[in-house]
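The values are calculated or read from the model by the stated rules, or taken from the named source; none is laboratory data. This structure is a prediction, so every number in the text was calculated from the model and none was measured. Cβ placement follows ideal geometry from the backbone for every residue including glycine, while neighbour counts extend to all protein chains displayed. Just so you know, the surface numbers come from the protein's heavy atoms only, side chains and all, with ligands and any DNA or RNA stripped out. Shrake-Rupley method; radii C 1.70, N 1.55, O 1.52, S 1.80 Å.
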Amino acid sequence: MTVIAQPPSGESVHLEFSLNGTPVEVDLRSDMTMLELLREERGITSVKDGCAPEGSCGACTVLMDGRPIVSCAQLATRAAGRSIVTQEGLSEADREQWAQSFVASGASQCGFCSPGIVMKAEGLLGRNPDPSREEVAHALTGNLCRCTGYVKIIDAVLLAAAARRGQPIPAVDASGRVGSRTARYRGLDLALGDKPYVNDLSAAGMLHGAMRYSDHPRATVLRIDVSRALAYPGVEAVLTARDVRGERTQGGIVQDWRQFVAEGETTAYVGDVLAVVAADTRHAAREAAKLVEVEYEVLPPVTDPFDALQDGAPLLHPGGNELSVTKVKHGDVDAALAAATHVATETFRTQFIEHAFLEPESALAVPQEDGTLQVFSQGQGVWDDRRQIAAFLGEPADRIMVTMVACGGAFGAKEDLNVQCHAALLARVTGRPARITLSRAESLRFHVKRHPIVMEYTVGCDAVGHLVAVRARMVGDTGAYASVGAKVLERAAGHACGTYKVPNVDIEARAVYTNNVPCGAMRGFGANQANFAIEGMLDRLAERVGIDGWEMRWRNAVDVGDRTGTGQLLGPGVGLKKTLLAVRDQYRAARYAGIACGVKNCGIGNGMTEYGKAVLRPEADGSVTLFHSWTEMGQGCDTALAQIACEELGLTADRVRVSVNTEHELDTGQTTASRSTMLGGRAIIDAAARLRSEQHGRPIESLAGREFYGEFKVDWTTSPDDPSVTEPVTHFDYAWATQVVILDDEGRLAKVIAAHDVGKAINPTLLEGQIEGGVHMGLGHALTEEFVVQDGRPATMTLKSLGIIPPMGMPPVECVLIEDPSPEGPYGAKGVGEVCLVPTASAVAGAVFAFDGVRRTRLPMRDSAAARAAVPRLAGRPA
């Protein structure tokens, strides 16, 4: 065997290899990764950077001599003399086959993982042309998908394998009709990696940015010295707080998040930005950022919210360490508990959870000839992006144009500004385009997490199990900055009684600042934490009453004419009992099963005025451009909203194009609260009615160039803080669900039945994908996932360490779609993107109790047999 010595790091080497069948010769750094070679030197963007250099997500998978490898974890020099094949190197027939298989099965949601999965599966089919479902799942180990739960991805691989054996791929619906399985908008491009994300974009003369973060969660910054960084070859600028001309502190609700921490200020967490570097290459920017020298006075961090509430605790924000208190009270809880036949008290704890979206944060800012600034964003609200970028730069909002680019997953974490302000500042100061893309490690330390919440519950019921009272005290760690923490705890309080009738309620929920990573929006938004507690209490009370879990829930489930825990009187569209009936028989037939009901608000509510806004513009070719305001991040809003336009205008799916940017004033806030289909759909129906009123039977192209605006306004919800409200309307609508988790005789996950009241299934394929993906995330929340923070410092700094359940650990999911129409939604539709994981952890807790007899009160339940089987490498690790 010949051993070739590796040249010293950074030295130039000459490399010859084959790339997609073409000989290549290139000179490059000896420490360059194969991913850098492909993306930055050869311009191949189908290979995605999701976790470099970790090699855990699989988004950068390519074939080397016919075998799949993760290119981010390989030095480029390994390609010497070898054949490297990316998506672009597959035959057109194979590319078409893969794309059609992914579209037919609904396998792509955000799409960021899809190209890597295609290449991993291509390698599998080269070895095994007729794999089983289990063999596909095993082969995809190492390829992470956070959206789909892998169910439809495995379906797609099996379709492609069958196609290569001569079987036809099922025809894809292109009707665009509401209720059809119309193919995902731009689904072919997603599967092949042809739809660009921000990090795939470039501009002439573009600079690359890199951040310098705080070394300590709490420390006074005495000095920031950028001189060594400025001297690094290729560096154009190094900026700090002193370069900000506008408002340095931003925030979607509370303006307390410093985009730069200045000399003389005290850091709030290890993700605080101290400086940002711009250089000719990403490598140079990152190397220079390491050279920014910072002198600190290190202070002890405050990392426990209960400590933060104590008298004498260090003041982390001028207004105090308590961000918010939400109270929900009605009836006489003390009297009801005193008279109750059964009373139970328990304390539940949930954990920090990382969103683990596959596309790290990225933004590109491009100065325009007219002096405006074009910003390409993957945030969850481009109008909020524009407002905050403009304030940060000290410029009028009309000088900033923000365009929504494909978003590779978000799940709430991209509601807050991430790197848009920093990229914009670099572009303004240098006069050149600037792009910043975070590494996975930077992303993990930087963006918000799911709130860990401690919840003390006391619940009483009568002799036959009817609930009479709920008292709950909740304390949530909101971390370094407010983000939407007050709203998350408000939502937890509002959902504290779950899906049940409770005549006497006393809830208090506090959001508390610490020096931990900020916590903010994450799919479920406080409802799933509260669900774990209230469903756990129902299980305990059912045992005392002597009835099973299904019967306990049936006796207490709300229906039309009942009131929620906040006192809201429910009108039509409450399909909760229908979901319970749909799962009853399977729950009772299973030996080891857990059951839980779930509810999630649609819309922000709580007194906030909300809008849906849309513009329809006919084009000369007979198509229509739909301008809407919502971020497509894998949930399918582009597709669902396009289908509504098709339905209203009698068009097929290929005749509707979608655009989201600040060219039109369609500000409806963040894409959050499972509301985009409901509000956006109603706005499109309004716009289509205006268009039709002008059509007079003529073809749609006769109106080419005209724009038809539509709007839907919700201004009838009420604030929980308004003492004058006697009939509260907390939210304009709700989605309802019941889930059953079944374990096998070894305690392993065997099946999940998910019955969801969706109001109206705009697109069943999209809904199934949301539910399957939500169940996957919920199972991780229940059993294996935790973002560990120790003394204010993240300890789980890789995707692999987070405990995400791999394909082999994912059980079958039976989706049952119940349609109990909502009066508010388009055609009766309700949002399903969040409720799909609200009851999952609670159902898992019931199932593991049925198996081993242990009542668990803390997530994740890593000590269970189900957890050990789902992610075997976590066996023996502490919860």
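Below are the figures for this structure:
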item	result
Strands (runs of 3 or more DSSP E) enclosed by region 293-353 - at least 1 residues per element that are under 31 Å from the mean Cα position of the chain (by Cα) and under 17 Å from TYR269 (Cβ atoms)	322-330
Total residues in region 213-237, condition within 14 Å of HIS283 (Cα to Cα) and either of a type in the set (Val, Ile, Thr) or assigned to a strand (DSSP E or B) (or both)	2
Residue list for region 55-65, restricted to those being open to solvent by less than 50 Å² (accessible area, probe 1.4 Å) and in a loop (DSSP other than H, G, I, E, B)	GLY55, SER56, CYS57, GLY58, ALA59, CYS60
Residue list for region 854-879, filter: open to solvent by 50 Å² or more (accessible area, probe 1.4 Å), modelled with pLDDT of 95 or more, out of contact with any Phe, Trp or Tyr (no Cβ under 8 Å at 6 or more places or on another chain) and not in a helix (DSSP H, G or I)	VAL854, ASP863
Selected residue (only one of ALA469, ALA496, ALA480 is crowded, with 24+ Cβ neighbours inside 10 Å, over 20 Å from the mean Cα position of the chain (by Cα) and either closer than 23 Å to TRP257 by Cα or of a type in the set (Phe, Trp, Tyr) (or both))	ALA480
VAL448 vs. criteria β-branched (Val, Ile, Thr), open to solvent by less than 10 Å² (accessible area, probe 1.4 Å) and within 28 Å of GLN770 (Cα to Cα)	yes
Residue that is most open to solvent (accessible area, probe 1.4 Å), among those in region 499-511 that are part of a loop (DSSP other than H, G, I, E, B) and of a type outside the set (Lys, Arg)	PRO503
Matching residues in region 749-771 - criterion: being open to solvent by 10 Å² or more (accessible area, probe 1.4 Å) and closer than 22 Å to THR350 by Cα	LEU749
Breaking point among (1) in contact (Cβ under 8 Å) with a residue 40 or more places away in the chain; (2) open to solvent by 50 Å² or more (accessible area, probe 1.4 Å); (3) among the polar types (S, T, N, Q), for GLN310	(1)
Neighbours by Cβ (under 9 Å, 6+ apart or cross-chain): first from region 124-142, open to solvent by 40 Å² or more (accessible area, probe 1.4 Å) and small (Gly, Ala, Ser); second outside any helix (DSSP H, G or I) and modelled with pLDDT of 95 or more	GLY126/LEU63; GLY126/GLY66; GLY126/ARG67
Of residues in region 35-54 being under 19 Å from THR798 (Cβ atoms) and not acidic (Asp, Glu), the one most open to solvent (accessible area, probe 1.4 Å)	PRO53
Those residues of region 538-568 which are in contact (Cβ under 8 Å) with a residue 40 or more places away in the chain and not in a helix (DSSP H, G or I), in sequence order	ILE547, ASP548, ALA557, VAL558, ASP562, ARG563, THR564, GLY565, THR566, GLY567, GLN568
Filter result for VAL429 (in a helix (DSSP H, G or I) and either open to solvent by 10 Å² or more (accessible area, probe 1.4 Å) or not polar (S, T, N, Q) (or both))	yes
Region 68-89, residues that are hydrophobic (A, V, I, L, M, F, W, C), open to solvent by 50 Å² or more (accessible area, probe 1.4 Å) and assigned to a helix (DSSP H, G or I)	ALA73
Those residues of region 581-622 which are within 27 Å of ALA673 (Cβ to Cβ), open to solvent by 60 Å² or more (accessible area, probe 1.4 Å) and of a type in the set (A, V, I, L, M), in sequence order	MET608
Pairs where the first residue, in region 513-526, is modelled with pLDDT of 95 or more and in a strand (DSSP E or B) and the second is aliphatic (A, V, I, L, M) and open to solvent by less than 10 Å² (accessible area, probe 1.4 Å), C-beta under 6 Å, 6+ apart	CYS519/VAL448
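One line per residue, one yes/no per condition, for (1) touching a His at 6+ places or on another chain (Cβ under 7 Å); (2) charged (D, E, K, R); (3) under 23 Å from GLY828 (Cα atoms):
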residue: GLY605; (1), (2), (3): yes, no, yes
residue: MET608; (1), (2), (3): no, no, yes
residue: ALA614; (1), (2), (3): yes, no, yes
residue: PRO618; (1), (2), (3): no, no, no
residue: VAL624; (1), (2), (3): no, no, no
residue: HIS628; (1), (2), (3): no, no, yes
residue: GLY634; (1), (2), (3): no, no, yes
residue: ALA642; (1), (2), (3): no, no, yes
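Let's see how each residue does on (1) of a type in the set (D, E, K, R); (2) open to solvent by 10 Å² or more (accessible area, probe 1.4 Å); (3) under 30 Å from GLY565 (Cβ atoms):
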| residue | (1), (2), (3) |
| --- | --- |
| LEU626 | no, no, no |
| GLN635 | no, yes, yes |
| THR639 | no, no, no |
| GLN643 | no, no, no |
| LEU649 | no, yes, no |
| ARG655 | yes, yes, no |
| SER674 | no, yes, yes |
